[in-house]
1. Could you state the orientation-averaged shadow area of the convex hull built on the Cα atoms of the stretch 87-140, in nm² to one decimal?
2. For T323 and C248, FRET efficiency with R0 = 30 Å and r from the beta-carbon atoms, rounded to 0.05?
3. Could you list, bin by bin from short to long, the percent of Cα-Cα pairs of the stretch 108-241 in 5 Å steps?
4. Which whole-Hz ³J(HN,Hα) couplings does the stretch 219-230 yield from phi under the Karplus relation 6.51 cos²θ - 1.76 cosθ + 1.60, θ = phi - 60°, glycine and proline marked x?
5. Which length gain, in nm to one decimal place, applies between T152 and S210 when the Cα-Cα distance is subtracted from 0.36 nm times their residue separation?
6. Can you give the FRET efficiency for K340 and A315, using 1/(1 + (r/R0)^6), R0 = 25 Å, r = Cβ-Cβ distance, to the nearest 0.05?
7. I'd like the distance between the alpha-carbon centres of the stretch 268-335 and the stretch 90-153, rounded to an integer number of Å.
8. Rg to Rh ratio, the stretch 182-333, alpha-carbon atoms and Kirkwood radius?
Amino acid sequence: GGGGGGDDDGDGDGDANNGNGEGENNSLFPSDSEDEDDERDNNNDPKIPIYLQKLEQILLRGHSSPTPDSLTSATAFTGTGRLGVSSLDLDALHLYFHSPACQRLYSWLIDYPAEIVPLMDILLGRELESLRDTLRLRQEERLADAEARNDTLEIEAASSLLELLPSPSATLPRIQVRPFHLRTLSHMRSLDPNSIDNLLSLRGMVVRTSPVIPDLKVAFFHCSICGETDQVTIDRGRIDEPTQCPTCQVRHGYTMVHNRCYFSDKQMVRVQETPDEVPAGETPASIVVFAYDDLVDAVRPGDRVEVTGVFRAQARRVNPKITKVKSVYRTYVDAIHFRKVVG
């Protein structure tokens with residue numbers, strides 16, 4: 001289950017169809033018109049799995065084509081987003097209906113997204129390296145065969161593909177997996193502590209978006225005595241500031257250099273229940289969603305969206321200057337994927 005939610009239609013079948021005609025007929029092979037276009041772009045081979053096609057697109061273009069109803073920023077769609085990072089949309093129903101083993105993986109993805117999604121990123125990074133080596137070897141063999149036959153057109157085609165492929169020493173893009181289209185759809189009023197740290201999907205209307213917020217990821221420190229530098233990665237929102245310089249042994253001599261720190265984009269989005277879902281006589285429920293990187297500026301107020309993300313809870317401090325916290329926690333969703341809802 002999606003953790004705290006239920007089926008839209010209450011029939012126990014989950015949200016498998018979800019208005020798009022998808023369900024048990026989903027497979028890892030393209031079947032609609034967009035995927036047939038992708039097939040023509042991949043040497044007219046209908047047996048190439050759709051996600052392998054997406055990896056080839058990342059390898060050759062630097063980004064993959066998003067699903068027709070997914071919402072990303074304009075910079076991500078044109079491939080001018082964060083340097084060295086590419087997103088890959090993963091339909092969770094494709095994963096679930098692939099095999100019994102993948103059904104177990106799906107349940108782990110729902111219950112432990114903070115662990116499973118980074119593992120998927122690492123695995124696809126290795127797969128991208130293997131695919132690069134395979135494609136390069138294939139094109140080199142194709143080029144040698146064309147030169148032996150003195151086929152000018154084939155030589156030009158193989159040479160152009162070899163130029164597009166990254167060299168073995170080049171750094172490949174880092175892939176971010178963005179799962180969406182879960183089997184069950186959660187409701188804002190049904191979220192409870194059992195849903196915390198679970199992957200879930202919510203539907204609603206965007207009512208407010210914030211300006212882009214710089215989110216500190218790597219802090220850069222400089223010793224004011226000897227000039228020693230140190231970089232610290234943010235761990236769960238905390239900066240482990242170095243206390244003693246290893247060179248001059250001075251304590252508390254480090255200062256942060258803000259213009260040498262690494263920041264990522266962050267945006268707060270408030271999503272509210274749609275009018276048709278609000279019970280009679282009650283006010284609409286809403287939830288705060290935080291969007292990062294490619295999802296920043298992907299939605300606007302008035303958009304009906306399906307948000308897939310991790311439900312989080314954060315303690316509120318009594319006073320910002322002390323570590324004492326209140327017993328009531330603030331809840332929000334860290335967005336992984338935005339999907340446009342039609343109708």
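The values are calculated or read from the model by the stated rules, or taken from the named source; none is laboratory data. Note that this is a predicted model, so its numbers are computed, not measured. So basically every Cβ, Gly included, is an ideal-geometry build from the backbone, and we count neighbours across all protein chains shown. Accessible surface areas use protein heavy atoms only, side chains included; no ligands, DNA or RNA. Shrake-Rupley method; radii C 1.70, N 1.55, O 1.52, S 1.80 Å.
1. Values: hull surface 18.2 nm².
For the Cα atoms of the stretch 87-140, the hull's average projected area reads 4.6 nm².
2. Numbers: r = 30 Å, r/R0 = 1.00.
Efficiency for this residue pair is about 0.50.
3. 2, 7, 9, 9, 11, 12, 11, 10, 9, 8, 6, 4, 2, 0
4. Working through the residues one at a time gives 8, 10, 10, 10, 6, 6, 9, 10, x, 4, 10, 8 Hz.
5. Details: separation 58, 0.36 × 58 = 20.88 nm, distance 5.55 nm.
My answer for the length gained is 15.3 nm.
6. Values: r = 34 Å, r/R0 = 1.36.
The pair K340/A315 has a calculated efficiency of 0.15.
7. So the separation of the two Cα centres works out to 34 Å.
8. On the way: Rg = 20.2 Å, Rh = 18.4 Å.
With Rh from the inverse mean 1/r over Cα pairs, Rg/Rh is 1.10.
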